[in-house]
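Scroll down for the structure; my scribbles are underneath it.
Values quoted throughout were computed directly from the atomic coordinates according to the rules given, and no laboratory measurement underlies them. What you are looking at is a predicted structure, and each value in this text was computed from that prediction instead of being measured. Positions of Cβ are backbone-derived with ideal geometry, glycine not excepted, and every protein chain shown enters the neighbour counts.
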């Protein structure tokens, strides 16, 4: 995949040089991406947002939802990593639970959504008036089809599965930590007993070292994946709710037509 | 306009003089091939333009260098059985004075290749220029584009707005004249229609609601339903008034219109009220169940997030 990255970089450089020649703004201010039912929110996306933010403080990621736009509502949103998430990601690519608690980072303030405002130049507005007569009607009144709902539900279940796996990992980690702690305590206790026994026999007591060096603590579990999954699930739920609300309205409309 | 060529050699000399800056052997031989070969031209009956192309051209015109009166660029798209579908465009740097015109052909070919990497379906199908004047420079540039595709389409859009309107015209060239004598080509108009993909229509509709102001795209479906309902009601009213007029004898009855109205009325499925209420109720129950489940899930997530903070 480094070959693809090299080609991508070459393409970007060429386009930038060429755009400069025709007076088009060539400064990179972010990137755009299309999404399928809000599944864009994964590690790659986070990496890209982080890379752009490192270069430029005001970089944004534009997310375009083609399915929703087809249904009649232009859906373009802009996202940025929140400040806390940005700093955390700089330190450690896999967040740990302690870090999350320090910065009070939950799945809700992982990404910051920025309102999008659309503005046209005057000449473009003239063009819009010209195109006024050429309007087709969009298929907006599609009833809430089961396929859209089914897919959303499937994705929701998938997200829940992922969170479940993460929870199991967390549980295992906690059990390992607990085991390590009990081992340390047991060893310290044995040493104490031995020492008291030796004292009774008149021998020199053994040093009571720090046993944490002997039993290594298990590495902390990364919490990033669970945050992302939670984010995804929350957005799926939002989408489904919106869809259901409008769906009920459309059902009543259809009822008035048919009865 | 008609541009008479006084002979192959004169034409070649003229072209070579114009391409002084950007020419090299490859392009020279290409042009010679174009003028000699009389490439087989594919018939073009209609042009379909996507709205995004027009917006690109207007944007390009707004960003031009101060000394250029017009801008040109390539049109990309595909050709489908006599219909040219123009889906994209990009600007090409060019200079134009009273005596000569020059354009960066290497730029045009390079960007064409780059675009093909991103979208393999698209290839050059013509070129555009702002301003409605078609002169001999246009035919020179058109000759270059004949190397790229057999029947290039020339699109002009009047950004200067001579008649208070932004007129759009599409042309192709056809050869005229006597063989082995005075030959030339004439720019003939071709019918065009502006038609985009569904997503483009939606964005266009949104832009029209802007009416010159700034606005945030609204993802709230319910407001959309209300506005669409209003639209539909007004449209139905228009049709109703027309029908009433026809019944009263004020307006002439049109067979085509009548058939279309009947199609619309028959589109509503004809079922008895019991099945309808059953279907609607079950559908409604599904939706409500799903909504309850998602509500539950969200509360769970919020609770777990709070717990993570505490533990």
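Brief remarks on what is shown
- Fully extended contour minus Cα-Cα distance, from residue B:237 to residue B:48, at 0.36 nm per residue: 64.8 nm
- Pairwise FRET efficiency - residue A:51 versus residue B:118, Cβ, R0 = 25 Å, nearest 0.05: 0.75
- Within 10 Å of each Cβ in B:112-123, the average number of Cβ atoms from other chains: 1
- Seen against the Cα atoms of chain A and their longest principal axis, helix A:2-21 is set at about 40 degrees.
- Looking at segment B:89-247 alone, DSSP beta bridges between its own residues are antiparallel in about 75 percent of cases.
- Compared with the dominant Cα axis of chain A, that is its longest principal axis, helix A:43-55 is turned about 80°.
- Segment A:1-84, relative contact order in percent, only Cα pairs under 8 angstrom and at least six apart counted: 25 percent
- Nearest 10 degrees, 0 to 90: helix A:146-201 Cα axis against chain A principal axis: 10 degrees
- Shielding of peptide A:238-245 by partners, expressed as the average count of other chain Cβ atoms within 10 Å per residue Cβ, is 5.
- Calculated [θ] (222 nm, deg cm²/dmol) that DSSP helices of n ≥ 4 give over chain A, each run adding -39,500 (n - 2.57): -20500 deg cm²/dmol
- Net lengthening on full extension, residue A:123/residue A:109 (0.36 nm per residue, minus Cα-Cα): 1.1 nm
- When the convex hull of its Cα atoms is projected in every direction, mean area for segment B:171-253 (nm²): 12.2 nm²
- Across segment B:46-145, the relative contact order, built from alpha-carbon pairs under 8 Å that are at least six residues apart, equals 30 percent.
- Sorted peptide list for B:130-137, B:78-85, criterion being average Cβ within 10 angstrom, highest first: B:130-137, B:78-85
- Those residues of segment B:267-293 whose amide nitrogen sits under 13 Å from the label point placed on residue A:257, 7 Å along Cα→Cβ: B:267-271
- Beta bridges per DSSP with both ends in chain A, % antiparallel, nearest 5: 60 percent
- For segment A:1-61 versus segment B:287-311, the spacing of their alpha-carbon centroids is 34 Å.
- Alpha-carbon centroid distance for the pair segment B:223-279 / segment A:146-203, whole angstrom: 67 Å
- Separation in nanometres of the label points that stand 7 Å from Cα toward Cβ, at residue B:81 and residue A:169: 5.3 nm
- Counting only other chain Cβ atoms within 10 Å of each residue's Cβ, the peptide B:193-199 averages 5.
- Each peptide in B:180-189, B:47-56 gets a packing score, the mean of other Cβ atoms within 10 Å over its residues, and the list from highest to lowest is B:47-56, B:180-189.
- Residue B:164/residue A:19 FRET efficiency (R0 25 Å; Cβ-Cβ; nearest 0.05): 0.15
- Residue B:282 versus residue B:262: modelled label distance in nm, points set 7 Å from Cα along the beta carbon direction: 3.4 nm
- Look at the alpha carbon pairs under 8 Å that are at least 6 residues apart: their mean separation over the length of chain A gives a relative contact order of 21 percent.
- Here residue B:292 and residue B:100 are evaluated by their C-beta separation; at R0 = 45 Å the FRET efficiency comes out at 0.05.
- Spatial offset of segment A:64-116 relative to segment B:44-99 amounts to 38 Å, using the alpha carbon center of each.
- Where only alpha carbons of chain A are counted, the Rg and the Dmax (Å): 28.2, 106
- The alpha carbons of segment B:163-311 occupy a box of 92, 59, 34 Å along the principal axes, longest dimension given first.
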